[in-house]
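Shown next, in structure tokens, is the structure this report addresses.
The values are calculated or read from the model by the stated rules, or taken from the named source; none is laboratory data. Predicted model, so just to flag it, every value in this text is computed and none were measured. Methodologically, a virtual Cβ is constructed for each residue, glycine included, from the backbone with ideal geometry; neighbour enumeration extends over all protein chains shown. Keep in mind that these areas ignore ligands, DNA and RNA; they rest on the heavy atoms of the full protein, side chains included. Shrake-Rupley method; radii C 1.70, N 1.55, O 1.52, S 1.80 Å.
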There are 2 protein chains.
Amino acid sequence: MNLSLTEENYLKAIFFISGNEGNLVNTNAVAERLDTKPATVTDMLRKLKNKELIIYQPYKGTRLSEDGRLYAIQILRKHRLWETFLVEKLGFGWEEVHEIAEQLEHVRSPKLTERLSGFLGNPQFDPHGDPIPDERGVFPVREDLTLDRAEAGQEVLVKGVKDSSTEFLNYVAKLGIRLGDELKVVNIEPFDGSVLIQHGEAEFRLSAQASSNIYISKK
Amino acid sequence: MNLSLTEENYLKAIFFISGNEGNLVNTNAVAERLDTKPATVTDMLRKLKNKELIIYQPYKGTRLSEDGRLYAIQILRKHRLWETFLVEKLGFGWEEVHEIAEQLEHVRSPKLTERLSGFLGNPQFDPHGDPIPDERGVFPVREDLTLDRAEAGQEVLVKGVKDSSTEFLNYVAKLGIRLGDELKVVNIEPFDGSVLIQHGEAEFRLSAQASSNIYISKK
DNA sequence: AATCATTTTTAGATTTGCCTAAAATTTTTC
DNA sequence: GAAAAATTTTAGGCAAATCTAAAAATGATT
Ligand SMILES: [Mn+2]
Ligand SMILES: [Mn+2]
Ligand SMILES: [Mn+2]
Ligand SMILES: [Mn+2]
């Protein structure tokens, strides 16, 4: 089934709000996420229900059908592959790629998607550390820790971020931290859980909140 | 100015029909190229005229304004860069890439375009041998010959095709000729101008018409 | 359980891109 | 140069995606 760009974005929005458990999603929540009006969402829900991509009962909320879920995951796969391409191959910063990937994710060509994935070495995580589902829609399991769980003295590699909001990405970029960078955990303050980091020449302190949003692996 | 995908395709269509000289373009010609109806074209022409992207007088025909021409060339630049990417980096055949590039050409991000160009080594010609305009809209000048102008005994490299219709690309692909391949001109038949080619182990004869549509350079 | 507040849907419009059929204009032919 | 043919525009409509305003349903509060 071939959907319009708009329909694709609705599926993706429902997927995100719904979470892995496939919770019921409110009309208002979708409207807010897509920056549109509830009345517009209702129209689209009726349409997506007719196409059997969602399960929807008026006034009761909606969730993705199995078909809808698979479709949404394919868009997500493309989004994250393109983000990886932009960072790894074209040298973009991880805070710059989301908007462009919003466009690229709608390009329709299964062959392109698979070739792109191969070209990138079939990555399992995108530049923000988010998992990239495979062709059949299966998500890889993350093994990485977050920085707040590291131990003093450890040297670690930056694998991604949990929170990929523009605000957080900009903060991290301002600190000079990039994907793959090596960090040394100097110490962890017992009082507030903040972490003193050595990064090349620089040394700085990250709050527990910030460090709990950075994925790392042991070096 | 940000145009819709449809508007962009109209500009590109007018650019192609109009040619380098900026000839007047008929409503019917645009309709045929875009596989739509003349009445629909008239609607769009009025709209593009209001945006000052074309010069248009009812019943008299239309051509691109300077702004419109620059816009069309930017789309063309993106189209040909993406085709180059698909062939060079993802290993697509040159007969497969046009459709995908029709989608990718509409992705809006000047930075992406320039990064992509750099990543590809700022190519001057796409996989079909068509010139890729630079950032400012200037087309490179082609120095290559066509195969019908080669001399017997010469060894040449395939640089592109003049005619990039699906039919011709398929024919060339069927012969096993790919971009960058080396061909040896065994002889040229004086009677009809057909060319006997040696390509690796294979030997075959190309009509004058076919060979006049293949760009080559001396080895 | 009746009222009030919130959420959601319905009704009615608008814009964009497209269509068919009819009218107008231009071009070609005799 | 008038008639016929071709081209192009206008008129009127339709589907998709959006909006605002009003109505309906649900949920929360006394
Ligand atoms: Mn993203
Ligand atoms: Mn999107
Ligand atoms: Mn092409
Ligand atoms: Mn296009």
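What are the residues whose amide H is under 5 Å from the amide H of residue A:55, where those residues sit 5 or more places off or on another chain and H is modelled from the backbone?
A:63, A:64, A:65
Mind checking which lysines have their Cα closer than 25 Å to the Cα of residue B:60? Skip sequence neighbours fewer than 8 apart in that chain.
Within the straight-line limit of under 25 Å, residue B:60 reaches these lysines: B:12, B:37, B:47, B:49, B:51.
Specify the inter-centroid distance of the stretch A:178-204 and the stretch B:154-171, based on alpha-carbon positions, in whole Å.
57
Taking the 0 to 90 degree range and rounding to the nearest ten, how far is the long axis of helix A:66-88 tilted relative to the main principal axis of chain A, both from C-alpha atoms?
Relative to chain A, helix A:66-88 is tipped by roughly 40 degrees.
Suppose you put the label 7 Å out from Cα in the Cβ direction; list, shortest first and in nm with one decimal, how far residue A:202 is from each other copy's label.
5.6
Once every DSSP H run of n ≥ 4 in chain A is given -39500 (n - 2.57) and the sum is divided by its residues, what mean residue ellipticity at 222 nm do you get, rounded to the nearest 500 deg cm²/dmol?
Taken over chain A, the calculation gives -12000 deg cm²/dmol.
Applying 1/(1 + (r/R0)^6) with R0 = 35 Å to the Cβ-Cβ distance of residue B:114 and residue B:170, what FRET efficiency is obtained, to the nearest 0.05? Please list the in-between numbers first.
Working: r = 33 Å, r/R0 = 0.94.
After rounding, the FRET efficiency stands at 0.60.
Stokes-Einstein D for chain A at 25 °C, 0.890 mPa s, Kirkwood Rh over Cα pairs, in µm²/s?
Details: Rh = 18.9 Å.
It comes out at roughly 130 µm²/s.
Please give the charge dipole size of the protein assembly as shown, origin at the Cα centre, charges +1 on K and R Cβ atoms and -1 on D and E Cβ atoms. Round to the nearest 20 debye. Don't skip to the end; give the middle numbers.
Numbers: 56 positive and 68 negative charges, 211 e Å.
Here the protein assembly as shown has a charge dipole of around 1020 debye.
Find every distance from the label point of residue A:151 to the corresponding label point in the other copies (7 Å from Cα along Cα→Cβ) and write them in nm, one decimal, shortest first.
Computed spacing set for this position: 7.8 nm.
Between residue A:219 and the same site in the other copies, what are the distances in nm, shortest first, taking label points 7 Å from Cα along the C-beta direction?
5.2
Under a straight-distance cross-link criterion of Cα-Cα below 18 Å, which lysines are reachable from residue B:89, leaving out those fewer than 8 residues away in the same chain?
Within the straight-line cut-off, residue B:89 pairs with A:78, A:89, A:111, B:78, B:159.
So what's Rg/Rh here for the protein assembly as shown, counting alpha carbon atoms and using the Kirkwood radius for Rh?
Here Rg/Rh amounts to 1.05.
Could you calculate, for the stretch B:1-125, the ratio of the Cα radius of gyration to the Kirkwood radius, expressed as Rg to Rh?
Reported Rg/Rh (Cα atoms, Kirkwood Rh): 1.01.
With θ set to phi - 60° and the Karplus curve 6.51 cos²θ - 1.76 cosθ + 1.60, what are the ³J(HN,Hα) couplings of the stretch A:27-35 in order, to the nearest whole Hz, using x for Gly and Pro?
4, 4, 5, 5, 4, 5, 4, 8, 6
Give me the angle, in degrees from 0 to 90, between the Cα long axis of helix A:110-119 and the longest principal axis of the Cα atoms of chain A, rounded to the nearest 10.
Result, in degrees: 10.
Just how large is the dipole of the stretch B:80-124 about the Cα centre, in debye to the nearest 20, putting +1 at every Lys and Arg Cβ and -1 at every Asp and Glu Cβ?
Values: 5 positive and 8 negative charges, 73 e Å.
With only Lys, Arg, Asp and Glu charged at Cβ, the dipole is about 340 debye.
Taking all protein chains as present, what is the carbon and sulfur share of the accessible area of the stretch A:17-68, in % to the nearest whole number, probe 1.4 Å?
43
Calculate, for the stretch A:63-161, the solvent-accessible area per residue in square angstrom, rolling a 1.4 angstrom probe over the heavy atoms of the protein chains.
43
To check you understand DSSP bridge types, tell me what percent of the beta bridges within the stretch A:141-202 (both residues inside) are antiparallel, rounded to 5.
The answer is about 100 percent antiparallel.
Among B:145, B:160, B:23, flag the residue with its Cα farthest along the positive direction of the charge dipole of chain B, charges on Cβ as +1 for Lys/Arg and -1 for Asp/Glu.
Farthest along the dipole direction, towards plus: B:23.
Any chance you could give the angle, 0 to 90 degrees and rounded to 10, that helix A:38-50 forms with the longest Cα principal axis of chain A?
The angle comes out at about 70 degrees.
If amide H atoms are built 1.01 Å from N in the plane of the peptide, which residues on other chains or at least 5 residues away come under 5 Å of the amide H of residue B:216?
Result for residue B:216 returns B:145, B:146, B:147, B:159.
Cα centroids of the stretch B:8-51 and the stretch A:1-64: how far apart, whole angstrom?
With the stretch B:8-51 and the stretch A:1-64 each reduced to a Cα centre, they are spaced 37 Å.
Over both sides of the A-B contact, add up the buried accessible area with a 1.4 Å probe and give it to the nearest 100 Å².
Chain pair A/B: roughly 1700 Å² of buried accessible area.
Where is the GNM fluctuation largest for chain B (alpha-carbon springs, 10 angstrom cutoff): B:111, B:49, B:159?
B:111
When the dipole is taken about the Cα centre of the stretch A:97-219, and only Lys, Arg (+1) and Asp, Glu (-1) are charged at their Cβ, what size is it in debye, to the nearest 20? All intermediate terms of the calculation are to be shown ahead of the outcome.
Working: 14 positive and 21 negative charges, 61 e Å.
With Lys and Arg at +1 and Asp and Glu at -1, about 300 debye.
Decide, for the stretch A:65-175, between rounded, prolate and oblate: order the square roots of the alpha carbon gyration tensor eigenvalues as a ≥ b ≥ c, take rounded if a/c falls under 1.5, and otherwise choose prolate if a/b is larger than b/c, else oblate.
Judged from the Cα gyration tensor, the stretch A:65-175 comes out prolate (a/c at least 1.5, a/b above b/c).
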